[in-house]
Amino acid sequence: MNTHDTPRLQEVAENVHAYVQPDGGWCLNNAGLIVAGTRSALIDTAATETRARALKEAVTPLTARPPQFVVNTHSHGDHTFGNYLFADDAVVVSHERTRTEMADVGLHLTGLWPEVCWGDVSVELPTLTFRDRLTLHIGDVTAELLHPGIAHTTNDTVVWLPEQRVLFTGDLVMSGATPFCLMGSISGSLAVTEQLRALDPLTVVAGHGPVGGPELLDTTEGYLRRVQEIAKAGLAAGIGPLEAAREADLGEYAELLDSERLVPNLHRAYAEEKGAPPGRPLDVGLLFSEMVEYHGGLPMCHA
């Protein structure tokens with residue numbers, strides 16, 4: 001773990017913490033911790049053994065005993081590979097399709113960046129699943145687990161603390177990083193963003209990047225609408241997503257981390273413009289390779 005990537009635990013409300021891993025790029029996800037007396041819940045884990053152990057070391061001093069719940073906001077390995085370090089003491093909770101997808105995909109993420117020292121990670125599947133919503137009572141803290149629709153993936157969960165007005169979005173929202181809808185939906189993400197805005201959060205803990213407020217929803221919406229505009233123009237011009245990405249002007253969104261995600265995002269937007277339903281499977285391998293081509297090499301992953 002590089003020193004510039006040193007994670008930090010940040011209290012965002014009384015006894016509610018965000019575990020932030022700078023700089024929020026590929027596989028450097030955020031986690032969350034809710035503590036109420038002797039009860040606690042962890043929201044997401046981390047990508048590598050080293051990072052998952054660092055997360056466990058960071059939260060241990062704040063909890064009277066190991067967390068009783070681990071909530072996975074979606075199936076991707078940077079949010080789930082560390083489950084195994086907590087599962088002996090915790091009930092792992094997710095959307096029902098998250099569990100299915102974790103079982104199907106396994107450790108595929110490790111093959112995308114073989115140079116990363118992943119360590120002894122494994123797939124620890126959730127033992128409690130839900131379909132639409134589930135409420136956890138963590139001491140006197142109410143945590144609402146909501147599946148708002150198809151967005152980053154088909155199986156996203158947000159964790160909403162209504163009394164604290166804190167929203168853990170998973171990768172539905174990125175902070176300072178480019179949204180990513182390869183396995184989900186552009187139009188669905190826009191609809192979900194409106195749902196999240198209606199909750200009226202004060203604090204937003206995104207899946208990656210610094211803690212913010214509702215302005216993170218504005219950035220997500222603005223970027224995704226720009227992607228839709230580029231896709232419409234590309235289709236009208238008769239060019240494909242890769243060429244459209246090369247010609248695109250992202251304006252104020254060009255400085256977001258991992259801008260190469262524009263290529264798979266455009267593939268998703270093109271498919272939806274042609275009538276594909278949200279979440280329809282695309283060729284992940286092909287789109288990842290196009291993204292690498294656009295980027296001029298494999299994007300850096302500092303996990």
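The fraction of accessible area contributed by carbon and sulfur in the chain is 51 percent, rounded to a whole number (1.4 Å probe; ligands and nucleic acids excluded).
Taking trypsin sites (Lys or Arg not before Pro) in DSSP loop states with no more than 13 other Cβ atoms inside 10 Å as exposed sites, the chain has its longest site-free stretch at 132-273. Between Asp283 and Ala58, the contour length at 0.36 nm per residue exceeds the alpha carbon distance by 77.2 nm. Quick check: from the Cα gyration tensor, does the range 1-57 come out rounded (a/c under 1.5), prolate or oblate? Cα axes put the range 1-57 in the prolate bin.
How much accessible area per residue does the range 1-143 have, counting only protein heavy atoms and a probe of 1.4 Å, in square angstrom?
Working: 6020 Å² over 143 residues.
On a per-residue basis, 42 Å².
When both the range 55-76 and the range 91-160 are represented by their alpha-carbon centers, they are found 13 Å apart.
Scalar couplings 3J(HN,Hα) for the range 96-111, obtained by applying the Karplus form with A = 6.51, B = -1.76, C = 1.60 to θ = phi - 60°, are 4, 6, 4, 4, 4, 5, 4, 5, 6, 8, x, 9, 3, 4, 5, x Hz; x denotes Gly and Pro. For the range 254-287, GluC sites (Glu not before Pro) meeting the loop criterion (DSSP other than H, G, I, E, B) and having at most 13 other Cβ atoms within 10 Å: Glu255. Within the full protein context, the accessible area of Glu11 is estimated at about 110 Å² for a probe radius of 1.4 Å. Dividing the helix sum by the residues of the chain, where each DSSP H run of 4 or more adds -39500 (n - 2.57), gives a mean residue ellipticity at 222 nm of -9500 deg cm²/dmol.
The values are calculated or read from the model by the stated rules, or taken from the named source; none is laboratory data. Just so it is clear, the model here is predicted, and its values are computed rather than measured. Note: ideal-geometry Cβ built from the backbone for every residue, glycine included; neighbour counts use all protein chains shown. We work out accessible area using only protein heavy atoms, side chains counted, and drop any ligands, DNA or RNA first. Shrake-Rupley method; radii C 1.70, N 1.55, O 1.52, S 1.80 Å.
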